[in-house]
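Q: Here it is: the structure, laid out below.
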Amino acid sequence: MKSQARYIAYTGLMLALCVLFQSLRTLIPVLATVQIFGPFNLSVLIIGSLVNLTLVLAAWHVGLWSGAAVSVLAPIIAFLQGHQTLLPMVVTIALGNFALVLIVWLLREKKLVGVAAGALLKFAVQYALVLLLVIPVFVPAESPQLKALPILFSWPQLVAAVIGGALALLIYPRLKKALRW
């Protein structure tokens, strides 16, 4: 029973951290004004990296189902907070997040390989879904999202997943020692 309570508590903690990181868009709005490339801005880089850090830590430290829960709940909460306005993107983001979580969990004994493969798979899933499903079916031809989505869900997702994974590689040994689980 103690282990089950710990599992739920750590999953809740990971989700809370993820939501806190997503809320930085509101707390520090200036991040969105620093453009890096087209619609890709500092907010996407910093917040995306921190969210990916949380996903990887949830998978490594708590387990696959914890990571899956955070993967799915984080974009739903972002939608409810108004950070994501296109409902089909919630599913796209959740599937990309879960792809990352699944690979880093499956390759948890080879953490660096898992981070690299997970980042690539997350990028591939999200980019393919945006190009093949979201834009053709859900985005009107005159919408500004038509140009922004393919950029935001291409290489920026890969960069943010790699940075989040690299941060997890640095933090996880200390986290594991501190939490002793």
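The values are calculated or read from the model by the stated rules, or taken from the named source; none is laboratory data. Just so we're clear, the structure is a prediction, and the values are computed from it rather than from any experiment. Neighbour counts run over all protein chains shown; Cβ positions are idealised from the backbone, glycine included.
Q: SER71: crowded, with 23+ Cβ neighbours inside 10 Å, under 24 Å from ARG6 (Cα atoms) and over 11 Å from the mean Cα position of the chain (by Cα), yes or no? It would help to see each step written out before you state the result.
A: Values: crowded, with 23+ Cβ neighbours inside 10 Å: yes; under 24 Å from ARG6 (Cα atoms): yes; over 11 Å from the mean Cα position of the chain (by Cα): no.
No.
Q: Among all residue pairs at least 6 apart or on different chains, which show Cβ distances below 8 Å where the first residue, located in segment 85-108, is among the charged types (D, E, K, R) and the second is assigned to a helix (DSSP H, G or I)?
A: ARG108/ALA59; ARG108/TRP60; ARG108/GLY114
Q: What do you reckon, is LEU31 aliphatic (A, V, I, L, M), modelled with pLDDT under 85 and surrounded by 16 or more Cβ atoms within 10 Å (Cβ to Cβ)?
A: Values: aliphatic (A, V, I, L, M): yes; modelled with pLDDT under 85: yes; surrounded by 16 or more Cβ atoms within 10 Å (Cβ to Cβ): yes.
For LEU31, the condition - aliphatic (A, V, I, L, M), modelled with pLDDT under 85 and surrounded by 16 or more Cβ atoms within 10 Å (Cβ to Cβ) - is met.
Q: Any residue at all in segment 127-136 that's hydroxyl-bearing (Ser, Thr, Tyr), over 15 Å from the mean Cα position of the chain (by Cα) and either surrounded by 14 or more Cβ atoms within 10 Å (Cβ to Cβ) or at negative phi (or both)? Even if it seems obvious, please write down each step before you answer.
A: Of all residues in segment 127-136, those hydroxyl-bearing (Ser, Thr, Tyr) come to 127.
Now narrow it down to the ones that are over 15 Å from the mean Cα position of the chain (by Cα): none.
So far as segment 127-136 goes, no, none of its residues is hydroxyl-bearing (Ser, Thr, Tyr), over 15 Å from the mean Cα position of the chain (by Cα) and either surrounded by 14 or more Cβ atoms within 10 Å (Cβ to Cβ) or at negative phi (or both).
Q: Among the candidates LEU131, LEU169, LEU112, single out the residue that is in contact with a Lys or Arg (Cβ under 7 Å, 6 or more places away or on another chain) and without any contact (Cβ under 8 Å) to a residue 60 or more places away in the chain. Walk me through how you get there before you give the answer.
A: Numbers: LEU131 fails: in contact with a Lys or Arg (Cβ under 7 Å, 6 or more places away or on another chain); LEU112 fails: in contact with a Lys or Arg (Cβ under 7 Å, 6 or more places away or on another chain).
After applying the criteria, what remains is LEU169.
Q: When you look at LEU95, is it under 22 Å from ALA74 (Cα atoms), at pLDDT 95 or above and surrounded by fewer than 22 Cβ atoms within 10 Å (Cβ to Cβ), yes or no?
A: yes
Q: Count, please, the residues in segment 74-87 that happen to be more than 12 Å from the chain's Cα centre (by Cα), assigned to a helix (DSSP H, G or I) and surrounded by 16 or more Cβ atoms within 10 Å (Cβ to Cβ).
A: Summing the residues that are more than 12 Å from the chain's Cα centre (by Cα), assigned to a helix (DSSP H, G or I) and surrounded by 16 or more Cβ atoms within 10 Å (Cβ to Cβ) in segment 74-87 gives 2.
Q: Can you give me the number of residues within segment 124-181 that are among the charged types (D, E, K, R) and in contact with a helix residue (DSSP H, G or I) (Cβ under 8 Å, 6 or more places away or on another chain)? Let's see the steps before the verdict.
A: Initially, segment 124-181 is screened for residues among the charged types (D, E, K, R), giving 142, 147, 174, 176-177, 180.
Filter once more, keeping what is in contact with a helix residue (DSSP H, G or I) (Cβ under 8 Å, 6 or more places away or on another chain): 176.
The total comes to 1.
Every residue, every condition in (1) crowded, with 18+ Cβ neighbours inside 10 Å; (2) basic (Lys, Arg), yes or no:
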position: GLU142; (1), (2): no, no
position: LEU146; (1), (2): no, no
position: LEU149; (1), (2): yes, no
position: LEU152; (1), (2): yes, no
position: TRP155; (1), (2): no, no
position: ALA160; (1), (2): yes, no
position: LEU169; (1), (2): no, no
position: ARG174; (1), (2): no, yes
position: LYS177; (1), (2): no, yes
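Q: Moving on. Taking the condition of being modelled with pLDDT of 95 or more and over 21 Å from LEU121 (Cβ atoms), how many residues in segment 81-92 meet it?
A: Counting residues in segment 81-92 that are modelled with pLDDT of 95 or more and over 21 Å from LEU121 (Cβ atoms) gives 0.
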